[in-house]
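Everything below concerns the one structure shown next.
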Amino acid sequence: MQSDPLSTHSPLFTNDATVMGIIAIMLALVFYTANSQSAFWKKFYLFIPSVLVCYFLPSLLNTFGLIDGENSKLYFVASRYLLPACLVLLTLSVDLKAIAKLGKKAIVLFLTGTLGIVIGGPIALLIVSSFVPELIGVEGPNAVWRGMTTVAGSWIGGGANQASMKEIYGAGDQMFSVMVTVDIIVANLWMAVLLIMAGNAKAIDAKTGADTSAIELLKAKVEAFQKKHARIPTLTDTMIILGVGLGVTGFAHLFADNVTPYFIEHFPNLDRLSFHSKFFWMIVFASTVGVILSFTRARELEGVGASKMGSAFLYILIATIGMKMDVTMIVDAPIYFVIGVIWMLIHASLMLLVAKLLKAPLFYMAVGSQANVGGAASAPVVAAAFHPSLAPVGVLLAVLGYTVGTYMAWFCGQILQAVG
């Protein structure tokens, strides 16, 4: 493919501070329009997810040579400083006891969704490579399996886990830009199916003989929990949130700086398991500390906006990833869409099968799936389609997805590496 002629010229904006300002304005406009009451914007975002716009707009700056995404330092800063903080702030709110009280069926279906993604990726790659053998055996950053690890990170956890897999497995920017497109489009097609099923939940549950009494009790408990913990954050609350997020980030770097050389020196054969990657240890440390903090009073920071701050960091990261994308790569994506669709079909089939065997309410299946595939941004949407008070349950399971996302996506990456 010929490169855009504009890319041969010097970029219009070379100062990263200026580029950051433009990106911040773009993100603000996306969120403003996404929450607008305008009929046009409501219809626009009904078909085009806001997260895709957050990727796409910065990519246009790069595609048309207005900025040089490759040489900008913004992605490095976002991935090394904001990403670990984001993971901490998104995981410290996980309430493992509350999740356990959702019942075994909810947890089993969530974990089934995770399993479907872990095994679905390698199976999809094997199936498609039997017709297109050149997909496997590719060396270098644009190997298909490397790109697929980022989809696994997104579908098990979320954007933060996706960025983690990009760095851990060294997925190239070209492959990553294609996989981001596959990820978002395939995931949103499945979400549309779930929303349609949610509209027919009573009929489906009656047909399968599912017991929905626990969901009614859950509605009341969730509403009570929200009222008890939510409050308007003060400046002190915000500074504490920043202190926790960025403080853990600092120690994550310190940990990685000391552990990585130790493994390189004493365990030279563990490079294949990513144990020689500073980024790997940094992400593992941040995620683990986030889970540990969830057992302390620090989890009360969720009531004053810890996850909102983490999400803000995440969207800055998403935009800086978009800066490195070239939208013209989309025309090369058809075969990757086939992989993505087969992958999702394996996940969906496994979810529907287990839900039928357990006679589980459709709510558990739908939210368990979307908590994996869509994360905290869309799992509440699917949950709220059943009842508005159940939206926090989607967040709860999605946070569990963030918690296991890095670990399980890494494991999926190991299988993909063996296949590809």
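What follows is calculated from the coordinates using simple rules that are stated; it is not laboratory data. Remember, predicted model here, so these are calculated numbers, not experimental data. Note that each Cβ is placed from the backbone with ideal geometry, even for glycine, and that neighbours are counted across all protein chains shown.
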**Prompt:** What number, in percent, do you get for the relative contact order of the chain if the mean sequence gap of Cα pairs under 8 Å and at least 6 apart is divided by its residue count?
**Reply:** 35
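What does the charge dipole of the stretch 11-419 about its Cα centre add up to, to the nearest 20 debye, if the Cβ of each Lys and Arg holds +1 and the Cβ of each Asp and Glu holds -1? Provide the component values of the computation, followed by the final result.
On the way: 25 positive and 21 negative charges, 307 e Å.
With Lys and Arg at +1 and Asp and Glu at -1, about 1480 debye.
Would you work out the Kirkwood radius for the chain? I mean one over the mean of 1/r across all pairs of different Cα atoms, in Å.
On the way: mean 1/r = 0.0456 Å⁻¹.
Here the Kirkwood hydrodynamic radius works out to 22.0 Å.
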**Dipole of the chain, positive end: most advanced residue of 263, 12, 210 [Cβ charges, Cα centre]** = 210
**Complete:** Which of 97, 324, 202 fluctuates most in a GNM of the chain (C-alpha springs under 10 Å)? That residue is 97
**Set of the stretch 35-52 residues, backbone N closer than 20 Å to the point 7 Å along the Cα-Cβ line of residue 308** = 35-37, 50-51
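Which length gain, in nm to one decimal place, applies between residue 235 and residue 213 when the Cα-Cα distance is subtracted from 0.36 nm times their residue separation?
On the way: separation 22, 0.36 × 22 = 7.92 nm, distance 4.17 nm.
Between residue 235 and residue 213, full extension yields an extra 3.7 nm.
Summing Lys, Arg as +1 and Asp, Glu as -1, what charge do residues with Cβ under 14 Å from the Cβ of residue 237 carry, residue 237 excluded? Intermediate values should be presented prior to the final figure.
Numbers: positive: 231, 297, 299, 308; negative: 300, 302.
Charge balance near residue 237 sits at +2.
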**Prompt:** Given R₀ = 41 Å, FRET efficiency for residue 297-residue 44 by Cβ-Cβ distance, to 0.05?
**Reply:** 0.45
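Past 22 Å, Cα to Cα, is the threshold; run 105/202; 228/308; 42/324; 73/166 against it and keep the listed order.
Working: 105/202 18 Å; 228/308 18 Å; 42/324 29 Å; 73/166 16 Å.
Beyond 22 Å between Cα atoms: 42/324.
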**Message:** Could you check the spin-label model distance between residue 64 and residue 419? Points 7 Å from the Cα along Cα→Cβ, value in nm.
**Reply:** 3.9
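Counting each DSSP H run of 4 or more residues in the chain as -39500 (n - 2.57), what helix-only mean residue ellipticity at 222 nm follows after dividing by all residues, to the nearest 500 deg cm²/dmol?
On the way: 19 runs with 301 residues, N = 420.
Mean residue ellipticity at 222 nm (helix-derived): -23500 deg cm²/dmol.
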**17 Å cut-off, amide nitrogen to a point 7 angstrom out along residue 228 Cα→Cβ, residues in the stretch 393-415** = 393, 396
